[in-house]
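For reference, the structure discussed in these notes is given below.
No lab work stands behind these numbers, since they all come straight from the coordinates. Model, not experiment: these values are computed from the prediction. Ideal geometry is used to build each Cβ from the backbone, glycine not excepted, and the neighbour counts take in all protein chains shown.
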Amino acid sequence: MYRKFGPPDVVRVEELPQPSPGRTEVLIRVHASTVSAADYRARSRKVPRGLRVLAAVGLGVFRPRHPVLGMDAAGVVEAVGQDVTKFQVGDEVIAMLGSAFGGHAEYACLSQDGAITAKPRTMTFDEAVTLPFGGLTARSFLDRAAVKPGSTVLVNGASGAVGTAAVQLARHMGARVTGVCSGANRELVASLGADRVIDYTSVDFTAEGMTYDVIVDCVGNAPFEKVQALIKPGGALLLVIADLKGLLLAPWRSRRSGKLVHGGNVPYRSEDLGFLVQLAEAGQYQAVIDRTYELSDIVEAHRFVETGHKKGNVVLHVAPGQ
């Protein structure tokens with residue numbers, strides 16, 4: 001939990017009453033969650049330029065509105081509300097809790113109609129919990145661009161949670177993928193399906209003169225004014241991270257340029273999570289885990305994520321049974 005905004009040290013482990021599911025809710029005994037960039041931003045209130053006021057509305061003005069972080073969870077259904085028909089006690093599930101957070105706890109509740117589905121049978125809880133945050137975000141953005149076989153897709157920030165998912169999903173859609181990351185992560189990104197990998201420490205992809213059907217910016221340093229010449233006519237810029245100016249101007253720039261510029265919130269849906277599970281069970285989507293931490297080491301997990309150099313996901317062990 002965190003009772004105030006600030007550095008990693010504001011997070012600590014506390015005891016709370018066990019929640020009870022409502023009539024249409026599922027109670028999950030959480031085995032694993034991830035410590036994501038969203039947790040870091042929520043805890044520190046370090047958000048892209050211009051979004052501080054909007055963030056305060058969702059996160060809290062003077063103190064955290066949701067003191068238990070964790071946007072995702074993998075675990076076992078512990079109890080169900082009396083009107084729940086989709087799940088039963090003992091089901092192994094994964095879920096995206098979204099802006100309600102709550103995954104960094106032994107128990108979490110959400111609606112049976114939320115983004116929750118059966119865990120991939122081929123994955124451990126640690127592996128399965130990497131699907132919701134990065135996978136759902138990447139799928140939502142790529143679906144906006146209607147990627148098809150032969151499309152050229154550049155993923156800026158290809159080694160993070162969303163980036164590693166975007167590379168895999170774009171490749172699954174038949175695209176030719178270019179990943180931008182540090183040289184240390186070149187082999188990882190190539191193994192996920194990137195046809196070409198650019199080391200941003202030695203090459204500026206915006207100065208290469210190459211063009212793409214779709215650019216996915218998972219870093220926040222490729223605004224439209226910087227990369228518009230790199231996008232083919234009718235192509236798209238997908239702003240996974242953007243400041244207020246970029247978000248507000250996106251519709252206008254789309255109309256004026258004829259190139260889709262898209263940013264904003266991601267809808268979390270069970271059918272999309274189910275799609276990711278199918279890919280995982282078919283061996284077409286792999287978990288990317290940088291490090292794992294025990295709940296008691298949550299401060300160290302936050303410190304590592306705050307460096308901005310994690311590869312894929314940082315997994316948090318919440319309960320035994322992985």
Amide hydrogen neighbours beyond the local backbone of residue 79, cut-off 5 Å, H modeled: 27
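Suppose the chain between residue 229 and residue 23 were pulled fully straight at 0.36 nm per residue; how much longer would it get relative to their current alpha carbon spacing?
Values: separation 206, 0.36 × 206 = 74.16 nm, distance 5.28 nm.
Extra length available between residue 229 and residue 23 comes to 68.9 nm.
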Sequence-distant lysines (8 or more away, or on other chains) whose Cα lies within less than 28 Å of residue 86: 119
Built amide H within the under 5 Å cut-off of residue 200, gap 5+: 181, 182, 183
The chain: most fluctuating residue of 83, 199, 143 per GNM, C-alpha cutoff 10 Å: 83
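Classify region 243-313: rounded, prolate or oblate, from the alpha-carbon gyration tensor (a ≥ b ≥ c, eigenvalue square roots; a/c under 1.5 rounded; otherwise prolate if a/b is larger than b/c)?
Working: a/c = 2.83, a/b = 1.45, b/c = 1.95.
Oblate, since a/c reaches 1.5 and b/c is not below a/b.
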Region 54-116 versus region 156-220: alpha-carbon centroid distance in Å: 31 Å
Charge dipole of region 134-263 about the Cα centre (unit charges at C-beta), most positive-ward option of 140, 200, 240: 140
Three-way shape label, region 1-132, alpha-carbon gyration tensor, a/c 1.5: prolate
Gaussian network model of the chain, Cα within-10 Å springs - most flexible of 48, 223, 17: 17
Theoretical ellipticity at 222 nm over the chain - DSSP helices of four or more residues, -39500 (n - 2.57) apiece, nearest 500: -7500 deg cm²/dmol
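Give the value in nm², to one decimal: projected area of the alpha carbon convex hull of region 134-263, averaged over all directions.
Details: hull surface 27.3 nm².
Seen from a random direction, the Cα hull of region 134-263 projects 6.8 nm² on average.
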Under the span-like rule (Cα at least 15 Å along the axis, Kyte-Doolittle mean at least -0.5), DSSP H helices of the chain: 161-172, 244-257, 270-281
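Within 13 Å, Cβ to Cβ, of residue 112, how many net charges do the neighbouring residues add up to if Lys/Arg are +1 and Asp/Glu are -1?
Numbers: positive: 23, 86; negative: 25, 83, 91, 113.
Overall, the nearby charge balance is -2.
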Spin-label model distance (nm) - residue 82 vs residue 100, 7 Å beyond Cα toward Cβ: 2.0 nm
Within the chain, percent of DSSP bridges classed antiparallel, to nearest 5: 45 percent
FRET efficiency, residue 282 to residue 52 (Cβ-Cβ, R0 35 Å, nearest 0.05): 0.25
Hypothetical label at residue 12: residues of region 29-68 whose amide nitrogen lies under 16 Å (7 Å Cα-Cβ projection): 64, 67-68
Candidates 187, 208, 92: whichever shows maximal mean-square fluctuation once the chain is modelled as a Gaussian network with Cα springs under 10 Å: 208
In Hz, Karplus ³J(HN,Hα) per residue of region 186-200 (6.51, -1.76, 1.60; θ = phi - 60°; x = Gly, Pro): 4, 5, 4, 5, 5, 5, 7, x, 5, 6, 9, 10, 10, 7, 5
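Before anything else, pin down the relative contact order of region 134-263: Cα pairs under 8 Å, at least 6 apart, normalised by residue count, whole percent.
22 percent
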In region 47-156, trypsin sites (Lys or Arg not before Pro) in a DSSP loop with at most 12 other beta-carbon atoms within 10 Å: 49, 121
Length added when fully stretched, residue 44-residue 221, from 0.36 nm per residue minus Cα-Cα: 61.7 nm
Distance histogram for the chain (every C-alpha pair counted, 10 angstrom bins, percent rounded to whole numbers): 6, 27, 34, 24, 8, 1
Derived scalar couplings ³J(HN,Hα) [region 176-183; Karplus, 6.51 cos²θ - 1.76 cosθ + 1.60; whole Hz; x for Gly, Pro]: 9, 10, 10, x, 10, 7, 6, x
Long-range amide H partners of residue 289 with built H, under 5 Å: 313
Those chymotrypsin sites (Phe, Trp or Tyr not before Pro) in region 51-152 that DSSP places in a loop and that have at most 15 other beta carbons within 10 Å: 62
Neighbour net charge for residue 52 - beta-carbon separation under 10 angstrom, K R +1, D E -1: +3
